[in-house]
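What follows is a set of notes on a single structure, which appears directly below.
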Amino acid sequence: MAAQTPNIRTGGQIIVDQLVAQGVDHVFTVPGESFLAVLDALVDVNINVTVCRQEGGAAMMADAHGKLSGRPGVCMVTRGPGASNAMAGIHIAKQDSTPVIMFVGQIERGMREREAFQEMDYRAVFGQAAKWATEIDDAARIPEVVSRAFHVAMSGRPGPVVIALPEDMLVQSAAVANAPRVEPIDSAPARGQMQALAEALSKAKSPVAILGGVRWNAQAVANFSAFAQRFSLPVAASFRRQMLIDHEHPCYIGDLGLGSNPELIKRLKEADLLLLVGGRLSEIPSQSYTLLDIPVPEQQLVHVHPDANELGRVYVPTLAIQASPIAFAAELDSLPAPAKPVWAAETQRLHQSYLQWSDASEVTVPGELQMSGVMAHLQTVLPPEAIITNGAGNYATWVHRFHRFRQFGTQLAPTSGSMGYGLPAAVGAKRCQPETPVVCFAGDGCFMMHGQEFATAVQYNLPIIVLIVDNGMYGTIRMHQEKNYPGRVSATHLQNPDFAAYAKAFGGYGERVEKTADFPAAFERAVQSKQPAILHLLTDPQAITPTTTIDKLRQANQPNQTKA
Ligand SMILES: Cc1ncc(C[n+]2csc(CCOP(=O)(O)OP(=O)(O)O)c2C)c(N)n1
Ligand SMILES: [Mg+2]
């Protein structure tokens, strides 16, 4: 593409013009005096700016945008304290392989290394946390660096890029052309690899596919689903990547996460061929690295990943296919399906097992508010395109186990297990897709980590619905305490505010729900309010998981207990 005729602009204008050239439509920020020239240039362009309340929230909103669009979510934060707050979101984007670009205001170039006001060395601080961290010294190099940032953020294994912008560089003028829009570099299976996969499948007795990672889209999901159906291939979703297959697909057998269906784990251990597409089979989905031997799995492993560095990093694959899930799935229809695979009946049985495992009506826990009832109701009222967000906590088990994801682009949840993600992700999603219903699940602990972004939802009239599952504690940690140090409760009790009043104080809709039967009407009122809403769900502290209670855990783990 021919470069434009250079015109003289300030660094701030050049930055913003690069964003326009890259097709950026949203920027999430907490402002700082360190990048006033960028904020000023944003006034003149057609980019939606979301002003947030804390930089961690801004970075998580950018992550949500990156996950939904497949292109970098962009946030802008100030130096030292701003960048430090944003680290939580950068870590999420790194572990989730989300394309994100974070611009950070920086001190003037001439003051470096004096530990000037809020000075930080971004290359050092984010060098490991981000995929790439850099600083722009010369306004004339902005198009080059920003273009590379888009390339790095999206290509191979995507991830976050941090770009520091010295304050004086942003007011420096330069005559330089914009760089053209960057598209992710795609990689497709090499010649003969699809044939090799077909042969491996034809010899297999009990294959399983596991879907994870990024570089998927709705078409790739449709392509893979059609392939699975033709092969009656059982398909599991990796931790917090459930949206990669319709849960009502006859080949779906469940998600590999925390508290997975034991039937699924058993089947995976017995599999003779694993087709791992897009994911890394990291600690959580691999059940603490117990599913596959390292470095050489006993099973045949066909690993498909867009980044060569991930192929053979932990597990040595029998067949390593360096391809994005999009490019890989596009070639699957070339594989001839077997007449009647020997595993077909087993796939049916496993899908039935999943349906039973995820049937909320089968589960009763202590207390008047049953999360199973809440989940069952949401199943009947939420449309398939509804986006579900969450952070970390035992409450998330209800989402992962009982919500039947139907479509690509409907799940925003951090594989890094970062608390506080659900609310900013919901705000980011609703800001980008105002027509799509967005429901955020949060624990009482989780919500309070970024609860201030409820103000952002109110400021931009974003009618998200937040379900705060309040058990009065950091439940996950309490559960681990009862397992490891039974009866010795330490630093896990929480005294919480009235979250319905909190919602109202912010200008939203709030309601307290104490009984299962009251939930459907409360949810309907929240929808009808057309405001950002919080439903404060009071759950029994005993109901620590769908299958056990605090008392049972404590008893079972007493050190003097005689184990049968
Ligand atoms: C940012 C962050 N801090 C701490 C933790 C450790 N942690 C994991 S779950 C959890 C408790 C979550 O509490 P809550 O949101 O109330 O959910 P619950 O487990 O009670 O359902 C904590 C403290 C974490 N994962 N992330
Ligand atoms: Mg809790």
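Values quoted throughout were computed directly from the atomic coordinates according to the rules given, and no laboratory measurement underlies them. None of these values were measured; they are calculated from a predicted model. For neighbour counting, all protein chains shown are included, and Cβ atoms are generated from backbone atoms with ideal geometry for every residue, glycine included.
Our estimate of slack between E115 and H480, defined as 0.36 nm per intervening residue step minus the Cα-Cα distance, is 127.2 nm. Expressed as a whole number of Å, what is the distance separating the alpha-carbon centroids of the stretch 151-174 and the stretch 228-243? Cα centres, the stretch 228-243 to the stretch 151-174: 37 Å. All Cα-Cα distances of the stretch 153-203, cut into 10 Å bins from zero to the largest, leave 16, 23, 25, 16, 10, 9, 2 percent in each bin in turn.
A compact globular protein would have a Cα radius of gyration near 2.2 N^0.38 Å; the ratio found for the stretch 320-372 is 1.93. As a rough guide to protection, the peptides 282-293, 306-317 ranked by mean Cβ packing within 10 Å, highest first, stand as 306-317, 282-293. Enclosing the Cα atoms of the stretch 277-393 in their convex hull gives a volume equal to 198 cubic angstrom per residue. Whole-percent P(r), the stretch 497-557, all Cα pairs, 10 Å bins from 0: 22, 37, 23, 15, 3.
Taking all Cα pairs closer than 8 Å and separated by 6 or more residues, the relative contact order of the chain comes to 12 percent.
Just need log10 I(q)/I(0) for the stretch 233-337 at q = 0.09, 0.18 Å⁻¹, Debye formula, equal scatterers on the alpha-carbon atoms, no solvent, rounded to two decimals. The computed values of log10 I(q)/I(0) come out as -0.21, -0.92. With the convex hull drawn over the C-alpha atoms of the stretch 328-449, the volume per residue is 160 Å³. Per-residue Karplus couplings for the stretch 221-231, computed as 6.51 cos²θ - 1.76 cosθ + 1.60 with θ equal to phi - 60°, are listed in order as 4, 5, 4, 5, 4, 5, 4, 4, 5, 4, 9 Hz, Gly and Pro entered as x. In the stretch 363-428, Rg over Rh equals 0.97, where Rg is the alpha-carbon radius of gyration and Rh the Kirkwood radius from pairwise Cα distances. For the stretch 470-535, the relative contact order comes to 26 percent (Cα pairs under 8 Å, sequence separation of at least 6).
Largest first and in whole Å, the equivalent-ellipsoid semi-axes of the stretch 167-291 read 37, 20, 14, each the square root of five times a Cα gyration tensor eigenvalue. By the count of other C-beta atoms within 10 Å, a proxy for reagent exposure, L378, L170 are ordered fewest to most as L378, L170. Ignoring lysines fewer than eight residues from K131 along the same chain, the ones with Cα atoms less than 20 angstrom from its Cα are K67, K94.
For the stretch 398-502, applying the loop criterion from DSSP together with a ceiling of 14 other beta carbons within 10 Å to the GluC sites (Glu not before Pro) yields E435. Pull out a ≥ b ≥ c, the square roots of the eigenvalues of the alpha-carbon gyration tensor of the stretch 208-247, then state rounded if a/c is under 1.5, prolate if not and a/b is larger than b/c, and oblate in the remaining case. It comes out oblate by the Cα gyration axes.
Secondary-structure-derived ellipticity at 222 nm for the chain, considering helices only, amounts to -10500 deg cm²/dmol, per-run term -39500 (n - 2.57) for DSSP H runs with n ≥ 4. Judged by the mean number of other Cβ atoms found within 10 Å, the most tightly packed of the peptides 345-351, 407-413, 371-377 leads the ranking 407-413, 371-377, 345-351. Amide hydrogen proximity for Q299: with H placed 1.01 Å from N in the peptide plane, the residues at 5 or more positions away or on another chain lying under 5 Å are D293. Size check on the stretch 454-548: the Cα extents along the three principal axes, sorted descending, read 45, 28, 16 Å. When the square roots of the Cα gyration tensor eigenvalues are ordered a ≥ b ≥ c, the ratio a/c for the stretch 264-312 is 1.5 or more and a/b exceeds b/c, which makes its shape prolate. Across the stretch 128-237, C-alpha contacts under 8 Å between residues 6 or more apart give a mean separation that, scaled by the residue count, equals a relative contact order of 25 percent. Among 354-364, 7-17, the peptide with the highest mean count of other Cβ atoms within 10 Å heads the list, and the full ranking is 7-17, 354-364. Shape of the stretch 1-105 from its Cα gyration tensor (a ≥ b ≥ c, root eigenvalues): rounded if a/c is under 1.5, otherwise prolate when a/b > b/c, or oblate? Oblate shape, in that a/c is at least 1.5 and b/c is the bigger or equal ratio.
Cα centroid separation, the stretch 103-125 to the stretch 281-305: 42 Å. Where both partners of a DSSP beta bridge lie in the chain, what percent of those bridges are antiparallel, to the nearest 5? Percent antiparallel among DSSP bridges in the chain is about 5. Against the compact-protein benchmark of 2.2 N^0.38 Å, the Cα-based radius of gyration of the chain scales to 1.00. Based on alpha-carbon atoms, the Kirkwood radius and the radius of gyration of the stretch 69-209 give Rg/Rh equal to 1.16.
Radius of gyration (Cα atoms) of the stretch 367-507, expressed as a multiple of 2.2 N^0.38 Å: 1.06.
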